[in-house]
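Working notes for the structure below.
The values are calculated or read from the model by the stated rules, or taken from the named source; none is laboratory data. Because the structure is predicted, anything quoted here is derived from the model rather than measured. Ideal geometry is used to build each Cβ from the backbone, glycine not excepted, and the neighbour counts take in all protein chains shown. Ligands, DNA and RNA are excluded from the accessible area calculation, which covers all protein heavy atoms including side chains. Shrake-Rupley method; radii C 1.70, N 1.55, O 1.52, S 1.80 Å.
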Amino acid sequence: MSGSKRTDYRSVAMPRALWYHLYPGMWEVFFRSLGLSVVVSAKTDRATVERAALISEPEHCLPLKLHDAHLHGVVGAADVVFIPRVLSTLTEHIACPKLGSLPDCAVAQFGDETPILTIDIDENKRSVHRSMLELGSELGFRRNATRAAAAAALSAMKTERNGLKTCIDREDDYFLILAHPYILHDAYVSAPVFGKLDAMNVKWLFPDYGCESIESGPIKWDACGIMHDALLRLDAGRCVGVIHLSAFNCGCDSIVMEVFRGLLWEKNIPYMTLVIDEHEGRAGLDTRLEAFVDSIGWRNTLDNAV
Amino acid sequence: MKKKLKRLAFEPWGNYAIALAASVQCLNVEPWTRTATTPEVLELGVAASPDSACLSFKACTGHFLEAAREGVEYGVMVNSVGTCRLRYYRMLQQQLLEERGFKLFIFGLGYDGIKPPLIRHFDPRPGPFLKCCVRARAKVLAVDAIEKYAWHTRARELHRGDTTRVLNECLGDLERADSLLDIRRVKESIPVRFKKIAVKKDAIPLKIGLLGEATVLRNRFLNHNIEEILGGLGAEVFNFFLLGEEMKNIFGIGMWGRHSRWTLKRLAAPYLKSLVGGHALDSVANAIRCARGGYDGVVHVCPTGCMPEISVRPILRKISTDMDLPVLECSFDEHTSHLGVITRLEAFVDILNARRTRGNQTWKNRVISV
């Protein structure tokens, strides 16, 4: 792909999965402000999951499988498909290694059918704002136009994030939900859990994934580092339990779950892990959530009785 | 009476365990290791580990648990600074050991300051330490040399098992070799010993490259002895994880070597433009090298769910179609059936043989260089 050709792109497509949720709402606004029309794949549904099982590498984790399915859905829908190479979204931290090869895998899988547009996102080297500026200039847009688009994109992301429930100090007796942003924001995966919690009248929050920086801890993966940081600052008096929502075969979670378990054991906060896969068994999920919430309720009454 | 030495356990990393054992002698500790995991050890590890951790982690954790049970005081574990899960293995293993009430302390083999913590703790004198390092390096290179001869001979041997016997003899001698001179003597004897094995002279065996994750490539229990199975089926293998070459990458020397990071990066660039982590880049680069070098096929070996290796599988598939290179993807976990592995490898070798008879005949006069 030569540099001059790129300005010919009139439309950009992107899968609504994985990295898309790391910067919620940002990329659409960026490309739209530059005057490109944007096609984002439809929200995950049953068909997406089925397609994922058919076309994706069987040993991938669920979010990566869904990414492949979403990608398959938007190939050919626009002049170019955008997939950034996410190496880090937080300074002094790194992203999951699987995100580093995404554009190359997309080229390997769909390179014959569509050009792939990519940009490195590495907060250790430059801010995502600067990454957007570079992407704009690579696409052949004027500096001022790119700058305005990047600013609009960042503020759009901020508004989107402010609309989400995050760890705020005012709440009492809440459950902390730990999950990667791409699980949290994918309603198909996370909505049954949140729906169940709401139905049980339970207050729940999740860590602030939009934070600029955190103290350097033992966990170097960005989202997991934020979760770890949130757990360290957790007040046992306020937070009654932690629910870790993980996707099947998530490599990062397989390690950090053990670390979190040890940490929360010391803090005396109950911890439950829920692993979600592409199979549709929601009854088990409901039962486990009910049992967890109930036993925490009993814990309080028993403590008071003693 | 001589004071009993404290013991130091480290990962069972194939035949390199012999060389690694030599490297810790200067620390005034007794090495505690094996050249391969055992079923009992793996069982221990599986019981203690998180269920979706990779097979290498489970095997290694089991190894440390076994060591702790036998009262070994110290352990040492690589802690990389990369993106792979390996970075957290030491921390997690230490936690799992402590939770079970074991006293074994695991040192990280990495830099945090000037000296690695292991060296700082034992504080060996520089003279013997350097001598030990030189000796360990010589042993690693000798292991590589022995294995290369074994891969070559096993595919051609007339009597099944001759090569493995000679291989074990050589490794035994190498283990006993204490001085550089002895190591050199063993090294010089290797070609002579392997030449004595009766072979089919005119055979042109299949050439198969083994790529993938380092621990599974090298631990013959974890990979179900893939080298011997393929060798027994008359295929010459080349295992692309060579510690002798990898050492140069670890210490960041030798930019121009055939296996240097820099060379691999350039080789893989048309397909992969990022390091990813682990040995993913190496797998992609070596697959391309195999395709160009006239290999009949490659086997991609990794633990199930290995983060870096699995993430480049779509790329390997693309290379396979683009460059007409058969790729067999083998993932291993604790449930992998040995017979299943043998059947898959047999089928793969059959297909490769059929390709030879049906396809173009260039394989007859090819020159393979690695």
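Things worth noting here:
- Using a Förster distance of 22 Å, the FRET efficiency for residue A:159-residue A:47 (Cβ separation, nearest 0.05): 0.10
- Separation of alpha-carbon centers, the stretch B:60-133 and the stretch B:31-51, rounded to whole Å: 16 Å
- Annotation: cysteines of chain B without a disulfide-compatible partner (Cβ-Cβ under 4.7 angstrom) are B:54, B:60, B:84, B:133, B:170, B:290, B:330.
- Cα long-axis angle, helix A:128-138 against chain A (0 to 90 degrees, to the nearest 10): 20 degrees
- Per-residue ellipticity at 222 nm from helix content only, as computed over chain B with -39500 (n - 2.57) for each DSSP H run of at least four residues, stands at -15500 deg cm²/dmol.
- For the stretch B:163-200, trypsin sites (Lys or Arg not before Pro) meeting the loop criterion (DSSP other than H, G, I, E, B) and having at most 15 other Cβ atoms within 10 Å: B:196, B:200.
- Cut-off under 5 Å, modelled amide H: who pairs with residue B:106 long-range: B:75
- Of all accessible heavy-atom area on the protein assembly as shown, the percent that carbon and sulfur account for (1.4 Å): 54 percent
- Put a dot 7 Å past the Cα of residue A:142, heading toward its Cβ, do the same for residue A:173, and the two dots end up 5.9 nm apart.
- Considering chain B, its Cα convex hull presents a mean projected area of 19.5 nm².
- Estimated at the nearest 10 Å², the accessible area of residue A:198 is 80 Å² with a 1.4 Å probe.
- Compactness of the protein assembly as shown as Cα Rg over 2.2 N^0.38 Å, two decimals: 1.03
- 3J(HN,Hα) along the stretch A:100-108, derived from phi through the Karplus expression 6.51 cos²θ - 1.76 cosθ + 1.60 where θ = phi - 60°, amounts to x, 9, 4, x, 5, 5, 4, 5, 5 Hz, with x in place of Gly and Pro.
- Put A:267, B:273 in order of accessible area, highest first, and with a 1.4 Å probe you get B:273, A:267.
- Complex-versus-alone comparison for the stretch A:249-263, residues with a loss of 30 Å² or more in accessible area, probe 1.4 Å: A:249, A:251, A:254, A:255, A:258, A:259, A:261
- The stretch A:5-161 has equivalent-ellipsoid semi-axes of 24, 18, 15 Å, by the square roots of 5 times the alpha carbon gyration tensor eigenvalues, sorted largest first.
- Taking amide H as placed 1.01 Å from N in the peptide plane, residue B:84 has its amide H under 5 Å from the amide H of B:278, each at least 5 places away in sequence or on another chain.
- Of the cross-linked pairs B:273/B:318; A:65/A:98; A:43/A:158; A:65/B:58; B:139/B:187; B:207/B:248, those separated by over 18 Å at the C-alpha level are A:43/A:158; A:65/B:58; B:207/B:248.
- Estimated inter-spin distance, residue A:152 and residue B:148, nm [label 7 Å along Cα→Cβ]: 6.1 nm
- Note on chain A: helix-only mean residue ellipticity at 222 nm, from DSSP H runs of 4+ residues weighted -39500 (n - 2.57) and normalised by residue number, equals -15000 deg cm²/dmol.
- Short to long, the 5 Å bins of the Cα pair-distance histogram for the stretch A:174-305 hold 2, 9, 21, 23, 22, 13, 6, 2, 0 percent of all pairs.
- Under 5 Å, built H, 5+ apart or other chain: amide partners of residue A:11: A:37, A:79, A:80
- Distance in nm between pseudo-label sites at residue B:121 and residue A:91 (7 Å out along the Cβ direction from Cα): 3.4 nm
- Heavy-atom accessible surface of chain B, averaged per residue, reaches 46 Å², computed with a 1.4 Å probe.
- Along its first, second and third principal axes, ordered by size, the stretch B:7-123 spans 37, 29, 29 Å in Cα coordinates.
- Total buried accessible area between A and B, probe 1.4 Å, nearest 100: 2700 Å².
- Kirkwood estimate for chain A, i.e. one over the average of 1/r between Cα atoms, Å: 20.5 Å
- Taken over the alpha carbons of the stretch B:205-370 as equal point scatterers, the Debye sum produces base-10 log I(q)/I(0) values at 0.15 Å⁻¹ of -0.81.
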